[in-house]
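Here the structure comes first, spelled out in structure tokens, and everything after it is commentary.
The values are calculated or read from the model by the stated rules, or taken from the named source; none is laboratory data. This structure is a prediction, so every number in the text was calculated from the model and none was measured. Cβ sites come from the backbone with ideal geometry, for glycine too, and all protein chains shown count toward neighbours. Keep in mind that these areas ignore ligands, DNA and RNA; they rest on the heavy atoms of the full protein, side chains included. Shrake-Rupley method; radii C 1.70, N 1.55, O 1.52, S 1.80 Å.
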Amino acid sequence: MGGTGIVQLVQSEGQDYLCFCSSKSDGSLSFHVTNACDSWSGDITSSEENQPVSSDDRISQIKDAFESQTPKLSVRETEATLTFQDGRETLTFDLHRDPASRARERVRELLFGLAGRVRELERRLGDPNPAKIRTGSSKRKLPGESLINPGFVRKKTPTGVDFEDA
């Protein structure tokens, strides 16, 4: 399997599934669906011609649909169907159940692929340093400063000589 592309969480009949696509060496795409026990997969084919899609425009359209919306998933024992409603067109992809050995391999590849992506994101973000993280306001409140209008210091009533007592 090539690089794992976009991963989405989808549901079918109340059960969660991970749906993802992978790119092949010839530039075509495959869709995969797994519930961590079973796996369904299929190459992207044109529904009209039932031929593998090699057109860059068609693959770009499918990637855009997968990025911008969650597909509808229908799972049966040996088959699954992914359906995208792309404005004026419905994109439907039939997936076939993988043998148990291939399903384990696919889940393993997905797990380690996601772990690598998480590690890369953490590396890009850098290690969070608690000393650098500021909570709430970054400025300390000065004595007498208003909580409602920060920066405004309350004026104290003047004290001084009382001339009536003199």
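Tell me which trypsin sites (Lys or Arg not before Pro) from region 64-131 have a DSSP coil assignment and no more than 12 other beta carbons within 10 Å of their own.
Filter output for region 64-131: Arg76, Arg88.
So how exposed is Ser74, as accessible area in Å² (1.4 Å probe, rounded to 10)?
Probe radius 1.4 Å; accessible area of Ser74 about 50 Å².
Based on the Cβ-Cβ distance of Glu67 and Arg124, what FRET efficiency does E = 1/(1 + (r/R0)^6) give at R0 = 25 Å, to the nearest 0.05?
The value I calculate is 0.80.
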